[in-house]
Amino acid sequence: MLRLVALILLAGVVLPAGSARAQSGTETPAAPPVEGVRFPQPGQALQGSLSILGAIAAPGFVRFELQFGYHNDPTGAWFLIAEGETLPENEILAEWDTGSLTDGIYDLRLVVYREDGQQVYRVPAVRVRNYTAVETSTPTPVTPTATTRPGDTPVPTITPTATATPPPSATPSLTPLPPNPGEIGRNDLLRSLGNGALLATGAFALIGVYALLRRIGGPV
C-alpha cells in the first residue's frame, strides 16, 4: 500500500516536468519574408542575363508584376518583365535579359496585388552597361618631377627676352635729292630771255637802218 502511494506521488511530480520539457522543445514558426526586391540594388551596374531576386509575403496575395522604365522618365511609362499568380520559388522573381536594351539608366519596380490593395517596391537607377565600360573611379594622375642625382649640375633654363621693335612711322620722311646739272633755274631762264630780246632788238635795228639807207640812196 505504501509503495502504491509513493508511485502515485512520483508520477504527479515527473509528468508535469516532462510536459514542460516537451513544450520548451517546440519550434517557433519562421517570420514571413521581408517583401521587395533584393537584387539588383539601386545604382548597381548590370550586364547580360540575370535573375531578379526578391520576396513576396503570402497573406492576401493575388498576383505580382515586375516592370522596368527609364530613369526620371516624365511620361511614367513602364514595361513588363514578368508577372505571375503564384509566389516565386527560391526568391527568383524573374529572369531579365538586359542585352536587348540600350545602355542607360533604368528603374525597376515590383507591384504586388492583394485582396485589399497593392504594394509597390521600387529600385531606382540601375545602370545597364552591356556595350559601354562600367564607370570606375579614376585616380588623379601625379605629375612626375625630376630628381637631381648627387653630382649633377642642373642646367639653367634660359628664358628669351623679347625686344620691342618700334613700329614704322606712319608719315614717310622725304630725302633731298642731289641737284640736277641739266636743270634750268629761274635766273638762267631770265638771262636767256634777256639775251634773246637784245638780239631781236638789234636785228630789227639793222633792218631799219638798211631800209632807210636804201630809200635815200636808191638801189644799192
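Quick notes on this structure:
- Relative contact order of region 36-128, defined on C-alpha pairs under 8 angstrom at six or more residues apart (%): 39 percent
- Charge tally for residue 45 (other residues, Cβ to Cβ under 13 Å; Lys, Arg +1; Asp, Glu -1): 0.
- Per-selection Rg to Rh, region 36-128 - Cα, Kirkwood hydrodynamic radius: 0.96
- Region 33-49 and region 64-121 have their alpha-carbon centroids 11 Å apart.
Every read-out reported here was derived from the displayed coordinates using simple, explicitly stated rules and does not represent laboratory data. On a predicted model such as this, the values are computed, not experimentally measured, just so you know. When we count neighbours, we look across all protein chains shown, and the Cβ atoms used for this are built from the backbone with ideal geometry, even at glycine.
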